[in-house]
Amino acid sequence: MSWQSITETKTRQWLASIPRKLRMAVLAFAGLVCVNLILYGFLVAPFLARLRETEARYGELRQRHAEAVLFEKQKTSFTGIMAGVPSQKDMPLLVKDLVQNARMLKLGVASVKYDMTKGTGGELAAVAFSFPAEGNYPGIKRFIYDVETSDRLVGIQNLKLEADQGQVKLDMKVVTYIKGNEIK
C-alpha cells in the first residue's frame, strides 16, 4: 500500500467515526466561514475604504465650516474697522486735528509733510507724516501721549528729540492708513 492510500483509509475511518449530524455541522460551519470571507472581501473591505474617505472628507468639511463661521464673525469686526479708516479727503482733517492738539499744548508746529505709498491692489494705503514741533518737555510728552492714545488710526513710526536751551525739538513720523481704492 502506498502512503496516499493509507492516509485515505485513515481519513475515511476518521470521518466514519464522526456522527453524520456533526459532519454536516462542520461542513455548514466551513461553508459559512467561506461565505463570510467572500462577503468581507467583496462588500465590507471596499465599504471600509469608502468610510475612511468619507470620514476624512467630513473632517475637512467641518474644518472649512468652522473657518467660515469664524470668518463671518470677524467680517463684522473688519467692516467696522474699515468704516473707521479715513479716506484721502479726510487727511487734511487729520493733520489739522494734530496741529490743533499741538498748539493747545503750546507747541510750535512747522510745516507738515507727508508721503503716500500706493497700495498693492489692497484696500488700504499707508500715509506717513513728518510732524516737526517745538516746545517745553511736558507739552511734547503730552502730545506724544495724545497721539499714541488717539481714537484715530495713527501710529508713531519714528521719534527724534533734541534739547536746546530749555526747548525741546520734536521730529516725529506719524503713520496712518487710508482707503486705497481712492488713490489715483
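The values are calculated or read from the model by the stated rules, or taken from the named source; none is laboratory data. Treat the numbers as computed from the prediction; the structure is a model and nothing was measured. Quick reminder, even Gly has a Cβ in these numbers, built from the backbone with ideal geometry, and neighbours come from all protein chains shown.
Observations, loosely collected:
- Close pairs (7 angstrom Cβ cut-off, 6 or more residues apart or separate chains): under 25 Å from residue 179 (Cα atoms) in the range 124-139, outside any strand (DSSP E or B) and of a type in the set (S, T, N, Q) anywhere: 125/117; 126/117
- Residue tally, condition assigned to a strand (DSSP E or B), aliphatic (A, V, I, L, M) and at pLDDT below 85, over the range 129-161: 1
- Applying the criterion of being small (Gly, Ala, Ser) and more than 18 Å from residue 89 (Cβ to Cβ) to the residues of the range 159-181, the residue that is surrounded by the most Cβ atoms within 10 Å (Cβ to Cβ) is 163.
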